[in-house]
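> If you scroll down you'll find the structure; I have some questions about it.
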Amino acid sequence: MNPIGFIKPIRPEYVHFYIHMRQDSTYTLNDDLSLFIKGKETKDQIKSILNRTLSDQDDESLFRYHSFSTSNQAFYYYALSCLAYPFFRDTVEYIGKQFRLHDHVTTRQIQHHLKSIYGNRRRVEVAVASVLSTLYYWNLIDRPKIGVYSKVVCEIDFKFHIALMIEVLMQSVNHSSISKETLEYNSIFFPFHYDVTIADVKEENYRVISTIRDTIIERA
């Protein structure tokens with residue numbers, strides 16, 4: 001049975017607390033997390049998710065996070081969650097596909113789809129709720145009424161996130177190359193609006209191959 005893992009919602013504040021901890025070795029997460037969370041088990045689960053998504057990021061990347069706009073901060077954590085948790089990625093990809101067809105998507109629809117992949121178990125419902133709450137806290141979706149969600153479009157700067165975007169998509173398709181069209185229109189990145197500039201991609205560790213039908217980006 002596929003692992004799930006993402007079982008608690010992550011607020012933007014939690015990421016700020018984590019980066020503070022990386023900057024100051026005397027700082028711990030507990031006191032600030034206690035402003036939002038009371039139970040020790042829940043705090044430990046939040047810390048585990050933060051560690052899994054952020055621990056591999058170098059100090060320069062984390063410190064640069066503070067200079068990002070709110071939308072770019074949201075994308076940064078969103079993409080890292082996609083890489084760390086396939087469940088998160090599968091959930092947002094499904095939501096993105098639904099928003100191409102409809103103005104709204106329901107919790108029930110999302111749960112039904114994810115249970116078809118991860119099994120009909122209570123943990124799937126908890127994880128779906130955690131992903132939806134995370135997107136809501138980061139202002140990436142709206143909730144016009146309980147159990148119903150609509151899309152919020154955020155402008156982000158493509159050049160800040162090239163490598164993350166490419167890695168998320170390569171992981172999703174389980175291949176070492178993707179097309180420019182996939183980079184521009186994939187449902188995974190449904191809340192974000194950005195303009196793909198291939199000249200920027202060439203500055204990363206990728207080869208860009210132009211064909212008659214499309215442009216292919218592959219690992220160098």
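> Right, Thr91: β-branched (Val, Ile, Thr), closer than 26 Å to Tyr18 by Cα, in contact with a Pro (Cβ under 7 Å, 6 or more places away or on another chain) and not in a loop (DSSP other than H, G, I, E, B) or not?
no
> Looking at region 14-49 only, could you name the residues that are closer than 17 Å to Trp138 by Cβ and open to solvent by 60 Å² or more (accessible area, probe 1.4 Å)?
Residues satisfying the conditions are His16, Phe36.
> If you don't mind, there's one more thing I want to ask. Could you check region 106-128 and list, in sequence order, the residues that are surrounded by fewer than 16 Cβ atoms within 10 Å (Cβ to Cβ) and polar (S, T, N, Q)?
Result: Thr106, Ser116, Asn120.
> Now a separate question. Any idea which of Phe63, Phe75, Phe68 is open to solvent by 70 Å² or more (accessible area, probe 1.4 Å) and either without any contact (Cβ under 8 Å) to a residue 24 or more places away in the chain or of a type outside the set (Ser, Thr, Tyr) (or both)?
Exactly one residue qualifies, and that residue is Phe63.
> Output the residues belonging to region 102-134 that are modelled with pLDDT under 95 and of a type in the set (A, V, I, L, M).
Passing the criteria: only Ile117.
> Return the only residue of Arg11, Arg52, Arg89 being open to solvent by 60 Å² or more (accessible area, probe 1.4 Å), within 26 Å of Asn174 (Cβ to Cβ) and at pLDDT 90 or above.
After ruling out the rest, the residue left standing is Arg52.
> So how many residues does region 185-208 have that are open to solvent by 60 Å² or more (accessible area, probe 1.4 Å) and in a helix (DSSP H, G or I)?
2
The values are calculated or read from the model by the stated rules, or taken from the named source; none is laboratory data. On a predicted model such as this, the values are computed, not experimentally measured, just so you know. A quick note on method: Cβ atoms are made from the backbone with ideal geometry, for glycine too, and the neighbour counts reach across all protein chains shown. The accessibility values were calculated without ligands, DNA or RNA, using every heavy atom of the protein model including side chains. Shrake-Rupley method; radii C 1.70, N 1.55, O 1.52, S 1.80 Å.
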